[in-house]
Each structure stands twice: as structure tokens, then as C-alpha cells.
Amino acid sequence: MIRPDTGASTGDDLRLRAALVLAAGAALIRPGAWPWLAAYGAGVAVLAASARPPMARLVRVLGAEVALLALMVLPMGWERATFALGRALTSLLAVDAVVLAMGTEAATAALVRLPAPGPLRDVMVLAARYGHVLAGELVRARQAAGARGLVAAGPWARRAGVAMIGAGLVRALDRADRVHAAMLARGYSQPLPSGLPAGSRERHLMAGIAAAAAVMVGGSYLWP
């Protein structure tokens, strides 16, 4: 259950919105504009480091995400795939660093208060919650496999790992369906809350971040 009013913080809202703006800006940089992407990525890296996320966990999460994306973009060709991975890494760094620094519950609560169209916001919130549930299912499945001595190396372990991920996915989907049915049976109709009012300092800072991202994206198209 999401409790958006627990620990509500304008600072959390601002950090998440800034991360999403930076992630969107990285995705819009002109393909092939390596100098602009490098400059943009350096700025994102500085801001990500200032959030003070757990670095070991951040590296593991980014590595897994980039490895998955690499399988998807390699058919595009080496040059295009490399730039696509660079843009994706920059976007993921902006979001992952902030989310890991905030914690799952605080990040989800800030996402609930995101000023976005209702259906889009609902999809993002539910996807975030589902990802959290799925990760928990996989951790528990791995612990159970380790307790039974089923953790090993080699092809057999890889096949077992894939089967474990599939089983966790099915269990998480089943759990989500049962929770949704229970909520509807109890007449759940609570609307998502609106964002917390931002002060002038927060608005100016957000406008500055958005303007800087827009300048970098526009520069990649105007000055190749």
C-alpha cells in the first residue's frame, strides 16, 4: 500500500522531478553528438554524486540495466548502438542515483505527487511498485535456492536462474492481481494526491535545471 502522505517532502519531489527532466534531456540529444553527450553526462554525474547514493549498489543496478539494453540495441549497428547506450546510461544514472539515495518508499511517494496526467502517473507508480515487489520475490527465491545448495556456476546455474526469474515474475503478477481484486472488493477509490506546493526557491531551481537541459539539447542540434 502506498502512503503518499508519509514523509512528504518538497525536497524529495524536487529531486525526483529534476532527475526525470535530466533523463528526458539526455534521451533527446541528437544522435552522434558525442561532445554534447559527454558534457551533459559529466553534469549528470556531478549531480548524481551530490545525491550520495550507495555507490556499490548503483554500479550493480546500472550494470544490469545497461547489459539488458545492450541486447536490445546491438542489432542497430555498432555506432548507433554505442551512442544509444551512452544516452541510456546518462538517463539511468540521473534517475537511479536519486532513487537509490532517497529509498524506494520515498521515491514512490514523490512519484505519486508528480504533476503529470493521471493515467501516465498511475502507470509509472504501479510499475515502480511492481518492480519493487518483483525484486523482493527474486531475493527471497535466491535465498531459498542458496539454502538448498542450488547456487552454483555453469550452464545449469544459468538455466536455473532464468527459471527462478520466470517463477518470481509469475508470483509477483499473481500477487498484484490478488491485491488489486481485494482493493476493488473493499471499494477502494482513493485518488492520488497532488504535489506539495513548491516555494519560489524550488521553482527557480527547477526552472534553472530545465533551462540548462534545454540549452544542451538544443546545442546538440544547432552546433553539431
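The values are calculated or read from the model by the stated rules, or taken from the named source; none is laboratory data. If you're wondering where the values come from, they're calculated on a predicted model, not measured in any experiment. Methodologically, a virtual Cβ is constructed for each residue, glycine included, from the backbone with ideal geometry; neighbour enumeration extends over all protein chains shown. When the accessible area is computed, the model is the full protein with side chains, heavy atoms only, and any ligands, DNA or RNA have been set aside. Shrake-Rupley method; radii C 1.70, N 1.55, O 1.52, S 1.80 Å.
List of remarks:
- In the set (1) surrounded by 12 or more Cβ atoms within 10 Å (Cβ to Cβ); (2) modelled with pLDDT of 90 or more, Arg80 fails one condition alone, (2).
- A count restricted to segment 47-64 and to residues that are open to solvent by 40 Å² or more (accessible area, probe 1.4 Å) and under 11 Å from Leu93 (Cβ atoms) stands at 4.
- Among residues that are basic (Lys, Arg) and at pLDDT below 90, Arg17 is included.
- Within segment 201-223, considering residues that are free of Cβ contacts under 8 Å to residues at least 40 places away in the same chain and charged (D, E, K, R), the one nearest to Leu16 (Cα to Cα): Arg203
- The criterion of being at pLDDT 70 or above and not hydroxyl-bearing (Ser, Thr, Tyr) holds for Ala181.
- Applying a threshold of 9 Å to beta carbon distances and a minimum spacing of six or more residues, or different chains, the list of pairs starting in segment 89-114 at a residue that is polar (S, T, N, Q) and ending at one that is open to solvent by 30 Å² or more (accessible area, probe 1.4 Å) and in a loop (DSSP other than H, G, I, E, B) reads Thr108/Ile2.
- When we screen Val66, Val46 for residues that are within 16 Å of the chain's Cα centre (by Cα), assigned to a helix (DSSP H, G or I) and closer than 24 Å to Leu16 by Cβ, the only hit is Val66.
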